[in-house]
Amino acid sequence: AAGDRLPLPKGHTHTEVGRLADDINSLADRLVTSLEDERQLRLHREMDEKKYRAIFDNAETGIFIADRESRIESANPALARLLELPDNTELTTHQLSNLSWIRPDRPIELIVNCIDNNCLCVDDLELRLVDGAIRWLNVVISPIGGSRVQGLVSDITERRQAEDLAKMQAVTDPLTGAANRPGFEQILQMAIRRSETSEDAGFTLMHIDLDGFKRINEALGLPVGDEVLKIVSERLRNHLKPTDTVARLGGDEFALILSGVSSAESAARIGKRLIRVLERHYDIEATPIKLGASIGITIYPNDGHNMPFLLRNAELALDHARSNGGNRFSFFDRGMAEAAEQRRTLEIDMQLALQRDEFKLFYQPIIDITTNRLVGAEALIRWRHPERGLVPPDAFIPLAEETGLIIDIGRWGLETACQQLAEWKKERKDYYLSINISGRQIPDGLPPAILADAVRRHGIDSSRLMVELTEGVLLSDVRRAQEWLGAVRELGFCIYLDDFGTGYSSLSYLKRFPVDTIKVDKSFVREMGSDTEDHALVEAIIVMARTLGMHVVAEGVENREQLGLLRKMQCRCVQGFYFSRPVPIEEFSAAAERINTLLTPLCEKRV
C-alpha cells in the first residue's frame, strides 16, 4: 500500500527468483493504483453527497420518498414549509393522505397508480392552510422500486390564481362585473344540463334592452352611459335571487337566467317588477335620466330545449316588445318563429331578386292643376315575385332598409329612373321623375357624386330628377342630412319632403333643410271635406309653403270633390287614384291618355 518494491537479488535477473520478484512488484503497483482510484472515487462520492444534501436541504421544491400507504420515509425541509408543518415536526411520522387536502383521497390515489402502473403521475392539489387559505401544490410522483415512490412538490398558487383571474375576466364584463356573453352562454348551458337531470326542470330566460339608451350616450357622453349601465346591473342583482344570473351581452343589452321560474305567471310578475325598477330615474352628475326597458321572455323547456333556440326565441320576444312601443315585456310564442322564418326566406328571395331582375319601377302620374297637364311621376319600386306575385312595398322595403339591401335596390332604381327619363327625352316629353330615398342611403349609400354620375351618363338634366325623402330620414342624423342635401341641391336636384304632416312638421325643420316641394300626406287629403279639420290643415300647409317659396304636391286625390277643394286652395300639383294608380311603364302612355281625357273638360272650362 505504501508503494515499496522488492529488491532484485544479484545474479537472479533471469532466474525464477528474479521473475517472481518482478511479478510481485507489478502486483504491488496495480494494488497501489487501485487503492488510489478507490480513494478518489470515495472523495468524489462524498462531494456529490454533500452537493446533493445541500440541494436537497435548500431546494424550494419539496422532495420526499413515501411508501404505498403514503407514509413519508424521507423528506427535505421545503416539504415541511409547503405543507405548513411545525419546524420541529418529524416528517417521517406523517402520512400524506392525513393532511388537510381539499380532496383527501387524491394523494394516495396518485401513489397507488404510480406503483401499480410503474408510471409518472402528476396533479395539482389544493391544501387548506391553518388560516383557512388555499394553497395550490403541483405534485409529481415517480416510481423508484420496492413499492416506493419519489415525489416533487412545488407551490403554484400564484399561477393558479392568475389562471383563475384570467378565466374570470374572460367571462366577466369589466364595466358592470356581471357575466359577459361567453360567461352567460356557459351558465345557460349548465342550466340546461342541470334541468335535464333534475325533477325541478325549468327556468326563465329574459333578454333586456334599455329604451332610449342611445340618446343618453349621444347627449351626455359615454362616461354617463357607463354609469347608467353600472346602475342597471346593480338594480337587477338587487331585485333577483342570489342563484339567478345577470349578464351584460353588450351595449345596453342584458340577459337574466331565473332558476326555478318555470311558469308564465311567475315570469310575468318578475317582468313587471323589473320594468318598474329600471324606469326609475338615474341621477348622475345632478342630471335626472329617465329610461325604459323592453324585455323578451322565454321559458325552458316549453320554448326550446337547447341554447340556440332559447336565445333566438328570447330575441324574437324582445323584438316584439320593442315594436309595440317598448317599456313592456313580451313572451315568446310560436307565431314569432314562423314570422321570423318567413322574414328570413323573404330576405333570401330579395337578395336573388336583383340578380333575377324581379324588381320593377311603377309610375304614378303627377298633374299640375294650374296648367291642367301631366308634368311627371313618382317612381315606386315594386317586386314581382315568381311565386308570391306582386309583393307589397310595406312587406319588403322595411326589411330591405334593415338589412342594407335598400342600398343596392336604391341604386338600381336610380339607374332605371334615369333610363326612363332619357327615353322620355328622346320622345320629347318633358316629364320629371321623383325617386324615394331611404335613410340608409344617406350619406354613404347614395353619395351625391353617384347621383351626378347617373344623370351625366344618361344625358339628362338633374332638374328632371327629384329626390324624395320623409321627415324621419332627415331627423335621424340632422347634420349629415343637411350636408348631403346641400351637396345634392348644388348639383341641381330638387328636394321633395314626403308625407308632410304625419311627423314633426315643424317650421324650424323646413327652415333648416333645403326643401323645394312639400308633399301633403294622403291621409289628410283622403278625409278632407269642406268643413273638416283636415281641410283647414291642408289649406294651412299650402299657404305656409307658398309663403316660404315652396311648391306643394297633394297626394291621395281620389275624387272630383277633393280635386275641386285643392284648386280653390291654389295647390299646384296633385297625384292619386282619381287620375291613376301606380302603373308599369308599359301602361303609362295609356294612363296619360286617360288623364288628358279627364283634364280636357277642365281646360275648356278655364278657356
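The values are calculated or read from the model by the stated rules, or taken from the named source; none is laboratory data. None of these values were measured; they are calculated from a predicted model. Ideal geometry is used to build each Cβ from the backbone, glycine not excepted, and the neighbour counts take in all protein chains shown. With ligands, DNA and RNA removed, areas are computed over all heavy atoms of the protein, side chains included. Shrake-Rupley method; radii C 1.70, N 1.55, O 1.52, S 1.80 Å.
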Fill in the blank from the handout: Charge tally for neighbours of L405 with beta carbon under 12 Å away, counting Lys, Arg as +1 and Asp, Glu as -1, is -3
Handout entry: Spatially proximal lysines relative to K241 (Cα-Cα < 25 Å; intrachain offsets below 8 disregarded)
Key = K167, K230, K272
Handout entry: Lys/Arg +1, Asp/Glu -1 at C-beta; the chain dipole; positive extreme among L8, A247, L82
Key = A247
Problem - Relative contact order %, the range 340-467, counting alpha carbon pairs below 8 Å whose residues are six or more apart - result: 23
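Hey, with R₀ at 35 Å, roughly what FRET efficiency would E196 and D333 work out to, going by the Cβ-Cβ distance, to 0.05?
It comes out at approximately 0.90.
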Completion exercise
Pairs over 23 Å Cα to Cα, from K429/K522; K511/K568; K426/K519; K214/K290, come to K429/K522; K511/K568; K426/K519
Fill in the blank from the handout: Helix 588-606: inclination vs the chain longest Cα principal axis, degrees, rounded to 10, gives 40
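Among the trypsin sites (Lys or Arg not before Pro) in the range 125-230, which ones are in a DSSP loop with at most 16 other Cβ atoms within 10 Å of the Cβ? Mind listing them?
none
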Practice task
Mind jotting down the distance between the C-alpha centroids of the range 408-470 and the range 90-165, whole Å?
Solution key: 79
Problem - Spatial separation of Cα centroids for the range 277-317 and the range 19-40, in angstrom - result: 97
Practice task
Provide the net charge surrounding R237, with neighbours chosen by a C-beta distance below 13 Å and charges set as Lys +1, Arg +1, Asp -1, Glu -1.
Solution key: +1
Handout entry: Acute angle (nearest 10 degrees) that the helix 106-117 long axis makes with the longest principal axis of the chain, alpha-carbon atoms
Key = 70
Completion exercise
Between the residues I208, H281, S323, the Cα farthest towards the positive end of the dipole of the chain, that dipole coming from +1 and -1 charges on the beta-carbon of Lys, Arg, Asp and Glu, is from S323
Exercise for the section: May I ask you to compute the full-extension gain from H385 to R344, defined as 0.36 nm times their residue separation minus their alpha-carbon distance, rounded to one decimal in nm? Expected result: 13.2 nm
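Can you give the net charge of the other residues whose Cβ lies under 15 Å from the Cβ of A554, counting K and R as +1 and D and E as -1?
Details: positive: K519, K522, R526, R546, R560, R567, K568, R572; negative: D368, E378, E468, D498, D499, D521, E527, D534, E539, E555, E558, E561.
So the environment of A554 carries a net charge of -4.
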Problem - Given charges at Cβ of Lys, Arg, Asp, Glu: the chain dipole, positive-most of L446, I156, T597 - result: T597
Handout entry: For the chain: accessible area per residue (Å², 1.4 Å)
Key = 53
Fill in the blank from the handout: In the list [x] 300; [y] 350; [z] 174, the entry giving volume of the Cα convex hull per residue in Å³ computed from the coordinates is [y]
Exercise for the section: Tally up the carbon and sulfur contribution to the accessible surface of the chain as a whole percent, 1.4 Å probe, everything protein left in place. Expected result: 51
Completion exercise
Relative contact order in percent for the chain (Cα pairs under 8 Å, 6+ apart) equals 7
Completion exercise
Toy charge model, Lys and Arg Cβ at +1, Asp and Glu Cβ at -1: the chain dipole around Cα centroid in debye, rounded to 20, equals 1960
Handout entry: Point-charge dipole on Cβ atoms (K/R +1, D/E -1) for the range 281-408, about Cα centre, debye to 20
Key = 260
Problem - Cβ charges +1 (Lys, Arg) and -1 (Asp, Glu), total dipole of the range 358-461, debye - result: 380
